[in-house]
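These notes concern the structure reproduced below.
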Amino acid sequence: MAGNERKENYRRPYRNPRYKGRNENAAETAEEVKIPRRAAHIERTTSETDIQLSIDLDGSGESDIDTGIGFFDHMLKSFAKHGLFDLTLRVKGDLIVDCHHTIEDVGIVLGEAIKQALGDKKSIRRYGDIMLPMDEALILCAIDLSGRPYLVFDAAFHADSVGYFDTQMVKEFFYAVSYSAGMNLHIRELSGENDHHIIEGMFKAFAKALDEACQKDDRIKSVLSTKGSL
Ligand SMILES: [Mn+2]
């Protein structure tokens, strides 16, 4: 019930009031009011990973995720929940090696899916940022959906891993996302002691900043760039 209410509120600016309250089937509603869902589905198979990912940027935070790495699932569920993205993800990775390929390849596919879902980026706000606290951890995240990939990442972790997730892979993940999505992404740990808090704060901050950058603004008639394209 709460989920439906949230979806209703979230989509209201783009919806025809005539259909208010008819949100039992979001896809059907979107079609009725001629709103193209900003969504993408990607399947990618290599000798190292087999990935199926679906994302809906105009979702409500629902997720169904199984990467084989518990802490990574926890992070991606947080990303979906706090960005109000719907995310479905199935991964069969070579975890017998380690977590590297699985985490990096999910980053590549997630970034590509975000790029596909955004399409021509018409009317989006382009920029998003947040300073997000999680207990003692404070994370700054700033995004420009510029089309130009660039990652600035600054954090110091205290342990080699959280569960079966290597802390070195946090930067690798965000590097992969930023490059395949074509986004300028800054993530900075302003304070923090507990690695679980620092990393979770980063995924939540990334979600909130990305949600803001993806939001449409009716005042932006084309794309928010003097060049005319993003
Ligand atoms: Mn947690």
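All of the numbers you see were taken from the coordinates with simple rules; none came from a lab. As the structure is a prediction and not an experimental result, all values here were calculated from the model. Note that we place each Cβ from the backbone using ideal geometry, even for glycine, and neighbour counts take in every protein chain shown.
Across region 146-152, coupling constants 3J(HN,Hα) worked out from phi with the 6.51/-1.76/1.60 Karplus curve, θ = phi - 60°, read 7, x, 9, x, 6, 10, 10 Hz, and Gly and Pro carry x.
Stretching residue 164 away from residue 225 to a fully extended chain increases their span by 17.8 nm, per 0.36 nm per residue minus the current alpha-carbon distance. Couplings 3J(HN,Hα) of region 70-75, computed from phi: x, 5, 5, 4, 4, 5 Hz, in residue order, whole Hz [Karplus 6.51 cos²θ - 1.76 cosθ + 1.60, θ = phi - 60°; x for Gly and Pro].
The phi-based Karplus calculation (6.51 cos²θ - 1.76 cosθ + 1.60; θ = phi - 60°) puts the 3J(HN,Hα) values of region 114-129 at 4, 4, 4, 5, 6, x, 7, 6, 4, 6, 7, 6, 6, 9, x, 7 Hz, whole numbers, x for Gly and Pro. Neighbour counting of Cβ atoms within 10 Å sorts the residues 88, 67, fewest neighbours leading, into 88, 67.
Length gained on full extension, residue 52 to residue 216, computed as 0.36 nm times the residue gap minus the Cα-Cα distance: 56.3 nm. Distant-in-sequence amide contacts of residue 139, defined by a placed amide H-H separation under 5 Å and a gap of 5 or more residues or a different chain, comprise 132, 134, 190. For residue 223, the amide hydrogen comes within under 5 Å of the amide hydrogens of 123, counting only partners 5 or more places away or on other chains and with H modelled in the peptide plane. Assuming charge only on the beta carbon of Lys and Arg (+1) and of Asp and Glu (-1), the dipole of region 93-140 about its Cα centre is about 580 debye to the nearest 20. Do the alpha carbons of any pairs in 77/216; 81/115; 81/216; 92/221; 81/221 sit beyond 31 Å of each other, and which pairs? Where the Cα-Cα span goes over 31 Å, the pairs concerned are 92/221. Residues whose amide H comes within less than 5 Å of that of residue 167, counting only those at least five positions distant or on another chain, are 161, 162 (H built at 1.01 Å from N in the peptide plane).
Counting neighbouring Cβ atoms within 10 Å and putting the fewest first, the residues 172, 112 line up as 172, 112.
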